[in-house]
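Each remark here refers to the structure printed beneath this line.
The values are calculated or read from the model by the stated rules, or taken from the named source; none is laboratory data. As the structure is a computational prediction, the values presented were derived from the model and not from experiment. So basically every Cβ, Gly included, is an ideal-geometry build from the backbone, and we count neighbours across all protein chains shown.
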Amino acid sequence: MKRLYNEYEMLLKAKREKYAVGAFNFSSIEIMRAIVDGATEARSPVILALSEGGLKYAEPHYIKHIVNGVLEMTDAPVALHLDHGKDFEIVRSVIDLGFNSVMIDGSSLPYDDNVALTKKVVDYAHKKGVVVEGELGVLAGVEDDVSSDIHRYTDPEQAVDFVNKTGVDSLAIAIGTSHGAYKFSGEPKLELDILRNINDLMPNLPLVLHGASSVPQYLVETINQFGGDVSGARGVPEKLIAEACANGISKVNCDTDLRMVFTATIRKFLVENPTVFDPRKYLQACKDAMREFVIDKMTNVLCSAGKM
């Protein structure tokens with residue numbers, strides 16, 4: 001049986017070669033297959049990410065067996081990652097299930113509590129050969145079980161202290177992105193100087209960008225045209241994401257964009273094909289659209305295509 005790929009090694013290679021690996025969230029077999037099929041076609045490494053909300057929806061033991069089946073169908077390097085684990089127990093449960101990468105998100109806690117929680121997870125995970133992502137700084141917005149009304153940029157000097165005290169393998173930083181589909185009300189901007197500073201201080205540490213979906217306007221328009229209402233949804237321009245990748249980001253999370261692709265495709269398909277009631281037909285259309293989106297993101301934004 002093919003094994004999951006070590007995410008830390010995956011991200012170190014990306015950092016050396018100045019591209020980023022996409023961490024795409026999934027909650028169904030269609031989304032998972034679209035991600036892996038896209039990575040296979042793009043010849044790119046990929047991270048399958050599951051949030052706590054996605055874990056509850058898809059059910060852990062189903063996920064374990066489905067992922068094992070998917071791994072047999074690709075030669076792309078694949079890691080399985082818990083996104084935004086909020087406490088030690090949820091992290092321990094997925095490690096024991098077979099995840100080989102976890103994120104412990106104590107960013108909403110006081111600094112010392114974040115350090116203590118993250119260190120506890122690192123100590124447990126490293127004994128099991130599992131890599132750990134921590135987070136410092138706070139992203140505003142709402143996505144699944146993650147929400148915040150405030151944004152707090154990551155302090156570079158504090159980031160060094162955090163990494164030294166916790167031993168994390170990668171660090172999610174806050175430089176201006178936010179969770180969800182409504183990221184900006186004004187001109188989109190990322191604090192690339194903060195990113196460069198952190199990268200200069202820790203040149204061998206993989207850095208992670210959350211809240212980085214681009215929310216393409218053609219998807220917003222399609223959803224609205226076919227009965228939805230996501231007016232005002234805006235993401236991070238792909239040019240800014242590409243700049244972040246060129247300046248030290250090694251992993252970019254993408255969740256909202258795949259939801260937008262899925263929703264736009266299914267709304268359009270059902271309106272244009274009112275007699276169809278076979279779920280395989282509209283789910284196939286969704287899977288195909290998401291696969292093409294993943295390939296485009298890997299090729300034109302993350303620059304991970306061909307990096308297997």
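Values computed for the structure shown
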| quantity | calculated |
| --- | --- |
| The lone exception for residue 304 - which of (1) surrounded by fewer than 18 Cβ atoms within 10 Å (Cβ to Cβ); (2) within 30 Å of residue 207 (Cβ to Cβ) it fails | (1) |
| Residue ranges of helices (runs of 4 or more DSSP H) in the stretch 155-263 with at least 2 members under 21 Å from residue 108 (Cα atoms) and either in contact (Cβ under 8 Å) with a residue 12 or more places away in the chain or charged (D, E, K, R) (or both) | 156-166, 192-201 |
| Residues being farther than 30 Å from residue 20 by Cα and among the charged types (D, E, K, R) - total across the stretch 258-308 | 6 |
| Failed criterion for residue 97 (all others in (1) at pLDDT below 95; (2) out of contact with any Pro (no Cβ under 7 Å at 6 or more places or on another chain) hold) | (2) |
| Total residues in the stretch 28-53, condition within 16 Å of the chain's Cα centre (by Cα), assigned to a helix (DSSP H, G or I) and among the β-branched types (Val, Ile, Thr) | 3 |
| Residue check for residue 2: within 18 Å of residue 172 (Cα to Cα) and either touching a Leu at 6+ places or on another chain (Cβ under 9 Å) or outside any helix (DSSP H, G or I) (or both) | no |
| Test: residue in the stretch 244-266 that is modelled with pLDDT under 95, hydrophobic (A, V, I, L, M, F, W, C) and surrounded by fewer than 19 Cβ atoms within 10 Å (Cβ to Cβ) | yes |
| Residue selected from the stretch 4-21 under the condition closer than 28 Å to residue 61 by Cβ and touching a Gly at 6+ places or on another chain (Cβ under 9 Å), by the criterion surrounded by the fewest Cβ atoms within 10 Å (Cβ to Cβ) | 6 |
| Residue that is more than 17 Å from the chain's Cα centre (by Cα) and not basic (Lys, Arg), where the choices are 25, 6, 68 | 68 |
| Some residue of the stretch 285-302 being within 17 Å of the chain's Cα centre (by Cα), part of a helix (DSSP H, G or I), under 18 Å from residue 40 (Cα atoms) and without any contact (Cβ under 8 Å) to a residue 60 or more places away in the chain | yes |
| Residue 44 vs. criteria surrounded by fewer than 20 Cβ atoms within 10 Å (Cβ to Cβ) and among the small types (Gly, Ala, Ser) | no |
| Of the criteria (1) over 20 Å from residue 91 (Cα atoms); (2) at pLDDT 85 or above; (3) out of contact with any His (no Cβ under 9 Å at 6 or more places or on another chain), which one residue 182 fails | (2) |
